[in-house]
Amino acid sequence: MAAKIWSTKKHKKILFKNSPCVVTLKDWDSLENDSLSQKGLSVIKNCDVLINDGIISDIGEDLLNKSDNLGEIEVVDSSKYVIIPGLIDCHSHPIFAGSRANETVLKSQGMTYEEISAKGGGIVATMKATRKVTTQELSELYKLNAIDSLARGIVILEAKTGYGLNPVQERKMLEALYEAHSGKDANELPLLCPTYLGPHAASPEYRGLDNYIQALVEDLPNIAALGEEAVKKGISFPLAADIFLERNYFTKEQSERWLGAALQHGLDVHIHSDEFSRSGGAELAAELARRLEQTASKRRQRGRVLTVDHCQYSTESDLGRLALLGVGAVALPTTSFFSKIPYVDAKRFRASGIKVAIGSDFNPGSSPMNNIWFSSYLALSQCGFSLAEVIAGVTINAAFALGLERIYGSLEIGKKAALVAFDGNCVEDFYSSLLGDHVRHVVI
Ligand code: NIG
Ligand code: FE
């Protein structure tokens, strides 16, 4: 049974009535070292959630009788549903053409991601396929993935470019994303949080990575302007920038040049790093955040160092430093699963006090599965995160990873109405399906 999608643009007043278990995460951030218990989930039993004009306007018992003048309202009997905040996939590569299923087979038989890349597979293979299609075709391919995400409860989808690998082709990827979200069926998609990942791998057009970075930096004003225009049109959240800082990819110095320029243009930044080695991304994120005088309690509105993603080789002190600087971490266990590389260890994150989100890292190569439920289950079963940490990882901490925690990520009066109702009556029923097949209603 497909989930029903409620767009609050069309549905003004909706009451989710009498849910046995509403997981609000209201006090998650004030929680100190108790992420192992379910206390931080701030669960309310047997209650209603009222949505009015795109905002959560009330949460409590028997709201129909208690509130006057509700007027015309749509009521959803929620007595068999658990209600949680809308899910946020804060790390995804959902726009690309072609297939790399052959790599999935090779990796399953023991070949490594790095060996496959060295033989012409990997990011370059997807670049070739992506360059062959038109902007419109690319946009249509993206939409199929984004529609799938929404059906499983993802209300905000972070989408990275990174398969164009020169300024013209990277721009095409960004335009394809914006095209999808300006069309008449934009309401069928999750909200878009776009990230420009020009420096994802070497560009065939530029000799040497320094030259490619230089070209990307020169084009940055145009890209930033494109991002601002999309925000003005109301089709997307602000554009962020990212880089793949890893051995055989970009160096710490190149990353500093790129991210420094992006921050100067007011873009928020993420770093793919510490996946195969301790490549320096956590250190660089700390340096950049310090320069911005960013702290855990004070991040600017724009131009922030948001996250370091992957983090298998980040040390506890790397993570602790980032926590104090208001930088989040993103765990991507599906990549470990498919690429047969080590999982992150939840203990290290917990001890450091950093806010950890869990992303799908959906992409055609290292993580060919667009399913945040499965990713979160791997975080639970393979990385040692608690159920509460996992739920926070795909809601409030994922909102933090995108700089959207003030308006999304928890069910609180006054926050944006974004929620998921799935079959169940207790928190553990989060996993009554490992693939999200139990999602029945999504409000966006
Ligand atoms: O996050 N690490 C870099 N980028 C992707 C892989 C992309 C690909 O293989 O196409 C990732 O795993
Ligand atoms: Fe990634």
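From the list Ile372, Ile354, Ile358, exactly one residue is in contact with a helix residue (DSSP H, G or I) (Cβ under 6 Å, 6 or more places away or on another chain) and either within 18 Å of Asp429 (Cβ to Cβ) or open to solvent by 10 Å² or more (accessible area, probe 1.4 Å) (or both). Which is it? Let's see the steps before the verdict.
Numbers: Ile372 fails: in contact with a helix residue (DSSP H, G or I) (Cβ under 6 Å, 6 or more places away or on another chain); Ile358 fails: either within 18 Å of Asp429 (Cβ to Cβ) or open to solvent by 10 Å² or more (accessible area, probe 1.4 Å) (or both).
Just one listed residue meets the conditions, Ile354.
Of all the helices (runs of 4 or more DSSP H) wholly in the range 322-382, which have at least 3 residues that are outside the structural domain of Tyr431 (by TED's automatic domain parsing) and within 13 Å of ligand 2 (Cβ to nearest atom)?
Correct list: 333-339.
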(message) For Ser7, only one of the following conditions fails: (1) open to solvent by 60 Å² or more (accessible area, probe 1.4 Å); (2) modelled with pLDDT of 95 or more; (3) among the polar types (S, T, N, Q); (4) under 20 Å from Ser410 (Cα atoms). What is its number?
(response) (1)
(message) All but one of (1) surrounded by fewer than 20 Cβ atoms within 10 Å (Cβ to Cβ); (2) among the charged types (D, E, K, R); (3) closer than 19 Å to Val443 by Cα hold for Asp48; state the number of the condition that does not hold.
(response) (1)
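Do the conditions hold for Phe237, that is, is it within 29 Å of Val124 (Cα to Cα) and under 19 Å from the mean Cα position of the chain (by Cα)? Talk me through it step by step, then tell me what you get.
Details: within 29 Å of Val124 (Cα to Cα): yes; under 19 Å from the mean Cα position of the chain (by Cα): yes.
Considered against the rule, which asks whether it is within 29 Å of Val124 (Cα to Cα) and under 19 Å from the mean Cα position of the chain (by Cα), Phe237 comes out as yes.
Among the candidates Ser117, Ser139, Ser99, single out the residue that is assigned by TED's automatic domain parsing to the domain that holds Ala176, open to solvent by 60 Å² or more (accessible area, probe 1.4 Å) and within 26 Å of the chain's Cα centre (by Cα). Quick ask: steps written out before the conclusion?
Details: Ser117 fails: open to solvent by 60 Å² or more (accessible area, probe 1.4 Å); Ser139 fails: open to solvent by 60 Å² or more (accessible area, probe 1.4 Å).
On inspection, the qualifying residue turns out to be Ser99.
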(message) I need a count of the residues in the range 286-325 that are within 16 Å of ligand 1 (Cβ to nearest atom) and either crowded, with 24+ Cβ neighbours inside 10 Å or at pLDDT below 95 (or both).
(response) 7
(message) What pairs come out if I take residues in the range 427-440 that are in a helix (DSSP H, G or I) and pair them with residues that are buried (at least 16 other Cβ atoms within 10 Å of the Cβ) whose C-beta lies under 6 Å away, six or more apart or interchain?
(response) Val427/Gln38; Asp429/Val82
(request) Could you tell me which of the residues Lys66, Lys143 is at pLDDT below 95 and away from ligand 2 (no atom under 16 Å from the Cβ)? (result) Lys66
(request) Of the numbered conditions (1) of a type outside the set (Val, Ile, Thr); (2) within 16 Å of ligand 2 (Cβ to nearest atom); (3) within 16 Å of Ser139 (Cβ to Cβ), Leu197 fails exactly one; give the number of that condition. (result) (3)
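Can you tell me which residue among Val75, Val82 is crowded, with 21+ Cβ neighbours inside 10 Å and either touching a residue at least 40 places away in the same chain (Cβ under 8 Å) or in a loop (DSSP other than H, G, I, E, B) (or both)?
Numbers: Val75 fails: crowded, with 21+ Cβ neighbours inside 10 Å.
Result of the check over Val75, Val82: Val82.
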(message) Which pairs turn up if I take residues in the range 341-370 that are closer than 16 Å to Leu322 by Cα and look for partners that are within 9 Å of ligand 1 (Cβ to nearest atom) and of a type outside the set (Lys, Arg) with beta carbon separation below 9 Å, at least 6 apart in sequence or on another chain?
(response) Ala357/His91; Ala357/Asp309
(request) Among the residues of the range 122-140, count how many are touching a residue at least 40 places away in the same chain (Cβ under 8 Å) and either hydroxyl-bearing (Ser, Thr, Tyr) or within 16 Å of ligand 2 (Cβ to nearest atom) (or both). (result) 9
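From Ala2, Ala97, Ala101, grab the single residue that is farther than 24 Å from Ala399 by Cα, modelled with pLDDT of 95 or more and in contact with a helix residue (DSSP H, G or I) (Cβ under 8 Å, 6 or more places away or on another chain). It would help to see each step written out before you state the result.
Numbers: Ala2 fails: modelled with pLDDT of 95 or more; Ala101 fails: in contact with a helix residue (DSSP H, G or I) (Cβ under 8 Å, 6 or more places away or on another chain).
It is Ala97.
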(message) Return the pair list, or none, for Cβ contacts closer than 9 Å from residues in the range 211-226 that are touching a residue at least 40 places away in the same chain (Cβ under 8 Å) and under 12 Å from His265 (Cβ atoms) to residues that are among the β-branched types (Val, Ile, Thr) and surrounded by fewer than 20 Cβ atoms within 10 Å (Cβ to Cβ), at least 6 apart or on different chains.
(response) Asp219/Val168
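The values are calculated or read from the model by the stated rules, or taken from the named source; none is laboratory data. Quantities reported herein were computed from a predicted structural model and do not represent experimental measurements. Here the Cβ is made from the backbone with ideal geometry for all residues, glycine too, and neighbour counts use every protein chain on show. Calculation scope for accessible area: heavy atoms of the full protein, side chains included, ligands and nucleic acids excluded. Shrake-Rupley method; radii C 1.70, N 1.55, O 1.52, S 1.80 Å.
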